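Here is the structure we will look at, set down as structure tokens.
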Amino acid sequence: DSGVTQTPKHLITATGQRVTLRCSPRSGDLSVYWYQQSLDQGLQFLIQYYNGEERAKGNILERFSAQQFPDLHSELNLSSLELGDSALYFCASSVSGQLPGPNYEQYFGPGTRLTVT
Amino acid sequence: AQKVTQAQTEISVVEKEDVTLDCVYETRDTTYYLFWYKQPPSGELVFLIRRNSFDEQNEISGRYSWNFQKSTSSFNFTITASQVVDSAVYFCALRMNSGNTPLVFGKGTRLSVIA
């Protein structure tokens, strides 16, 4: 158990819908990262938050957005869903997200498997 | 640009055999960090090891060992006396020490250990 929690574990929804994925980082971790794992694209970084502020953006679609709340939990919002958005979405957390500086390892949650039908 | 290549897509071994998973990386940075993660069939990503670019010492942890060679930009992972529980997808990842670039993952190597 990494200490990172994600809900829900599974999500099935229809095209065009909107969903919210939730992540709680490990106790003491300030940085939260979202990754998408799909068969064709592999594991890809979406977005990072550090202590409530957006820190880095990766291959995140405009239909997707995220935020980190004062209690440090984070939510990833996916809207206007398409079949291609079906994937495993991981949240990870680390002690520090500040660069340059020590690069603490990222601990991953169990993931949310999203199926768009 | 940063890139991680895991050329072996799938490997199948018989239990108790040794197996090495290859990882080759590309980066122009002089300071960077390398990682290995394990993804068992249950789906979660389990952190195995972090290696700093300025520390080329190899590491052993039980049946696991890692060989870091800057000269060949490789960070290979060896499992000694493999067991069925080692069956998983293994990912090598790279992170810079500059800029806002979180983990860059390789495509992963699926290891099947057969009893």
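The values are calculated or read from the model by the stated rules, or taken from the named source; none is laboratory data. If you're wondering where the values come from, they're calculated on a predicted model, not measured in any experiment. Please note: Cβ atoms are built from the backbone with ideal geometry, for glycine as well, and neighbour counts cover all protein chains shown. Surface areas here come from the heavy atoms of the whole protein model, side chains and all, with no ligands, DNA or RNA. Shrake-Rupley method; radii C 1.70, N 1.55, O 1.52, S 1.80 Å.
To the nearest 20 Debye, how big is the dipole of the stretch B:25-115 about its Cα centre, given +1 on the beta carbon of each Lys and Arg and -1 on that of each Asp and Glu?
Values: 9 positive and 7 negative charges, 26 e Å.
Dipole about the Cα centre, nearest 20: 120 debye.
Return the carbon/sulfur percentage of the accessible area of the stretch B:47-96, one whole number, probe 1.4 Å, all protein chains in place. Write down the numbers at each step before the final one.
Numbers: 1000 of 2160 Å².
Carbon with sulfur: 46 percent of the solvent-accessible area.
Specify the longest stretch of chain A that does not include any exposed loop site, a site being one of the trypsin sites (Lys or Arg not before Pro) with a non-H, G, I, E, B DSSP assignment and at most 12 other Cβ atoms within 10 Å. Let's see the in-between values first.
Values: sites that count: A:K9, A:R18.
In chain A, the maximal stretch lacking such sites is A:19-117.
Which one of B:L111, B:S61, B:L48 is farthest out on the positive end of the charge dipole of the stretch B:29-115, using unit charges on Cβ (Lys, Arg +1; Asp, Glu -1) and the Cα centre as origin?
In the stretch B:29-115, that residue is B:L111.
With every protein chain left in place and a probe of 1.4 Å, what is the accessible surface of B:E59, to the nearest 10 Å²?
In the full protein context, B:E59 sits at about 70 Å².
Under a point-charge model restricted to the Cβ atoms of Lys and Arg (+1) and Asp and Glu (-1), what is the dipole moment magnitude of chain A relative to its Cα centre, in debye to the nearest 20? Walk me through the numbers before you get to the answer.
Details: 8 positive and 11 negative charges, 32 e Å.
Its charge dipole is roughly 160 debye.
What is the calculated FRET efficiency for B:I114 to A:N51, with r their C-beta to C-beta distance and R₀ = 35 Å, to the nearest 0.05? Each step should come with its number before you reach the end.
On the way: r = 47 Å, r/R0 = 1.34.
With a Förster radius of 35 Å, E is 0.15.
Give me the summed buried accessible area for the B-A pair, 1.4 Å probe, to the nearest 100 Å². Walk me through the intermediate numbers first.
Details: alone 6490 and 6360 Å², together 10950 Å².
It comes to approximately 1900 Å² buried between B and A.
For B:K16, list the lysines whose Cα falls under 21 Å from its own Cα; do not include residues on the same chain fewer than 8 positions away.
Hits, sequence-local ones excluded: B:K38.
Given a 1.4 Å probe and heavy atoms of the protein chains only, how would you sort A:D85, B:D29, largest accessible area at the top? List each step's numbers first, then the result.
Numbers: A:D85 5, B:D29 45 Å².
The ordering from most to least exposed comes out as B:D29, A:D85.
Quick query: amide H of B:S112 versus all other amide H atoms, modeled in the peptide plane; which residues come in under 5 Å with a sequence gap of 5 or more or a different chain?
B:I11, B:S12, B:V13
Based on the alpha-carbon gyration tensor of chain A, what equivalent-ellipsoid semi-axes (square roots of 5 times the eigenvalues) come out, in whole Å, largest first? Write down the numbers at each step before the final one.
On the way: eigenvalues 110, 38, 34 Å².
Each semi-axis is √(5λ); the values are 23, 14, 13 Å.
May I ask for the distance between the Cα centers of the stretch A:31-64 and the stretch B:1-60, given as a whole number of Å?
21 Å
What span do the alpha-carbon atoms of the stretch B:31-115 cover on each of the three principal axes, reported in whole Å from largest to smallest?
Here the spans come out as 43, 25, 19 Å, largest first.
For A:Y33, what is the net charge nearby, where nearby means another residue's Cβ is under 14 Å from its Cβ and Lys, Arg count +1, Asp, Glu -1?
Values: positive: A:R26, A:R55, A:K57, B:R95; negative: A:D29, A:E53, A:E54, A:E75, A:E105.
That sum, taken over residues with Cβ under 14 Å, equals -1.
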